[in-house]
1. Just checking, does segment 149-161 include any residue being at pLDDT below 85, farther than 26 Å from ASN25 by Cβ and small (Gly, Ala, Ser)?
2. Inspect segment 130-146 for any residue being under 30 Å from THR114 (Cβ atoms), open to solvent by 30 Å² or more (accessible area, probe 1.4 Å) and at pLDDT 85 or above and give the result as yes or no.
3. Could you please let me know if GLN191 is open to solvent by less than 60 Å² (accessible area, probe 1.4 Å), modelled with pLDDT under 90 and farther than 15 Å from ASN154 by Cβ?
4. Can GLU178 be described as in contact with a Phe, Trp or Tyr (Cβ under 9 Å, 6 or more places away or on another chain) and at pLDDT 90 or above?
5. Mind counting the residues in segment 16-29 that are farther than 15 Å from GLY159 by Cβ and open to solvent by less than 20 Å² (accessible area, probe 1.4 Å)?
6. Assuming VAL127 fulfils every condition listed in (1) open to solvent by 60 Å² or more (accessible area, probe 1.4 Å); (2) modelled with pLDDT of 85 or more; (3) in contact with a helix residue (DSSP H, G or I) (Cβ under 8 Å, 6 or more places away or on another chain) apart from one, which condition is it?
7. Would you kindly identify the strands (runs of 3 or more DSSP E) lying entirely within segment 86-197 that contain at least 3 residues that are in contact (Cβ under 8 Å) with a residue 24 or more places away in the chain, within 20 Å of ASN65 (Cα to Cα) and of a type in the set (S, T, N, Q)?
Amino acid sequence: QTTSSEVASTITQEAFQNLPVKERNYFRLLTLDSNVVASGTGSNAVNVGGGEVWNFGTYVDGTNNHSKWLTLQRAPQLGSSGFAIETVKEVQLITNQFSAEFGGHSSGVASMITKTGTNQFDGSAFVMIRPGDLDAAPPLAPIVNGKKVKAPYNQQQFGGTVGGPIFKDKLFFFGSYERRRERSEVTVTAQDSPVPTVETPADEHQGHAKIDMRFSDR
């Protein structure tokens, strides 16, 4: 952009729909930019331009979503970004020369915009299944009755979105729901353990609701 000194890139809705996204977390797509490096598996913290993780700010619909105490953005500690990927319209990533409106963040800013309802009723649904029966036995799995014990990673994710008008041209709604259901196991390598595996169930629910009102043509 010739009118701005910002160094910015935009991740559009097309990328969210077509690219594989680990953990269905939009933060994983930020690493498409060469300035961004994920600081660890399952964490939302990123290093931008070599800066510390707490110097990177996050905004959602123009509102500051940054917290130095909650994994650097207001979201669950591990895995999730706090927003289902179906709710994300686009993310602008600014890595240098950003304006004063993003004060307090020296290394970069991610500004995400959520979807909104329109004059048409629209919706989507998805199901993602990872069956643990197809997993191989881990290298350090204990051997019971001459066979290695499997520790399957069994996970299902499903949900959907719906949006539309409440009053045409005036009032709109948009909402989404997503659930992650995990019924997995981990192997126990200690020789004196009474069991070869331990169950590690997990459940996560994500909900999002948004109402937009258009007061006038101005």
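1. no
2. yes
3. no
4. Criteria met by GLU178.
5. 2
6. Looking at each condition in turn, VAL127 falls short on (3).
7. Here the list reads 88-96.
Residue-wise test of (1) open to solvent by less than 20 Å² (accessible area, probe 1.4 Å); (2) in contact with an Asp or Glu (Cβ under 7 Å, 6 or more places away or on another chain); (3) at pLDDT 75 or above; (4) more than 27 Å from PHE174 (Cβ to Cβ).
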residue: ASN64; (1), (2), (3), (4): no, no, yes, no
residue: THR71; (1), (2), (3), (4): no, no, no, no
residue: ALA84; (1), (2), (3), (4): yes, yes, yes, no
residue: THR87; (1), (2), (3), (4): yes, no, yes, no
residue: LEU93; (1), (2), (3), (4): yes, yes, yes, no
residue: GLY104; (1), (2), (3), (4): no, no, yes, yes
residue: ALA110; (1), (2), (3), (4): yes, no, yes, no
residue: THR114; (1), (2), (3), (4): yes, yes, yes, no
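The values are calculated or read from the model by the stated rules, or taken from the named source; none is laboratory data. From a predicted model like this one, the values you see are computed outputs, not experimental measurements. Ideal geometry is used to build each Cβ from the backbone, glycine not excepted, and the neighbour counts take in all protein chains shown. SASA here: full protein model, heavy atoms, side chains in, ligands and nucleic acids out. Shrake-Rupley method; radii C 1.70, N 1.55, O 1.52, S 1.80 Å.
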